[in-house]
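What follows is a single structure, written as structure tokens, with notes after it.
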Amino acid sequence: LILNTIIILYFYKKYKYEGLYISILMLSIILTIVSQKQIEVFNLELNLGFIQSSLIIIISNILIQNKGPKEISKIIAIIIISTVSVYTLTMLTTFITTSSIQQVSNDAYNSLFYLNNRIFFATIISLLIAIYINSILYHQIRQDKNKIIISNSLSQIVTNLVESIIFALISYTFKLNILFIIEIIMIRYLFKLSIGLLSTSTIYIVDKMK
């Protein structure tokens, strides 16, 4: 989280708003790969990538705050183009017929970059819906309250819950018991909400750097 935040601030300092779009591009590419990996938390599966998706939402808040809600179309376009491109390229390379001489290394590559279609679509669909809802909430609350901490906190509470529900339902419906799905939703939600609230400082820092 700290490393990703430092990179975002570096790109903003060097390239301003273009740097934020570059950050979204990089985070989307990383998200496509790492979201396939799982860790175990309280005996439940938690897909990685929640840091990257949370930071993409934070960056979208910064852009919306400074350039208006119209920026959401550009953000969504960058996410779709980058994630689909990486997904397609990765799938194509794993389908290529491999040499028997390098079978071990090829198997290792295919294992490392194997993409679960369901997880991929769950990650991207939930993120896009969350970003769209967040753009409306953040902009409206920011206009009403004019406080970064209030607008970010309230929008994060709602947005991350929606994202976690959509992700879990797409990923695990008909695969896991409904109680397990609810537990996964809560664990994912708590992790993403914590990151979203902690990252409020990033919005403040960017605001001071203008």
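Overview of values
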| read-out | value |
| --- | --- |
| Leu112 being modelled with pLDDT of 90 or more and either within 14 Å of Tyr21 (Cα to Cα) or not small (Gly, Ala, Ser) (or both) | no |
| Residue in region 94-104 that is closer than 20 Å to Ile133 by Cα, open to solvent by 20 Å² or more (accessible area, probe 1.4 Å) and modelled with pLDDT under 90 present | no |
| Of residues in region 33-57 being polar (S, T, N, Q) and out of contact with any helix residue (DSSP H, G or I) (no Cβ under 7 Å at 6 or more places or on another chain), the one farthest from Ile184 (Cα to Cα) | Gln38 |
| Subset tally (residues that are polar (S, T, N, Q) and modelled with pLDDT of 90 or more) for region 35-80 | 6 |
| Residue in region 38-72 that is nearest to the chain's Cα centre (by Cα), counting only those that are open to solvent by 30 Å² or more (accessible area, probe 1.4 Å) and touching a residue at least 12 places away in the same chain (Cβ under 8 Å) | Ile51 |
| Pair list, Cβ under 7 Å, 6 or more apart: region 148-173 residue free of Cβ contacts under 8 Å to residues at least 12 places away in the same chain, other residue outside any helix (DSSP H, G or I) and open to solvent by less than 10 Å² (accessible area, probe 1.4 Å) | none |
| Every residue from region 11-32 that is open to solvent by 30 Å² or more (accessible area, probe 1.4 Å) and either acidic (Asp, Glu) or under 21 Å from Ile185 (Cα atoms) (or both) | Glu18 |
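The values are calculated or read from the model by the stated rules, or taken from the named source; none is laboratory data. Computed from a prediction, not measured in an experiment: that's the story for all the values here. Cβ: placed from backbone, ideal geometry, glycine included. Neighbour counts: every protein chain shown. Only protein heavy atoms, including side chains, enter the accessible area calculation; ligands, DNA and RNA are left aside. Shrake-Rupley method; radii C 1.70, N 1.55, O 1.52, S 1.80 Å.
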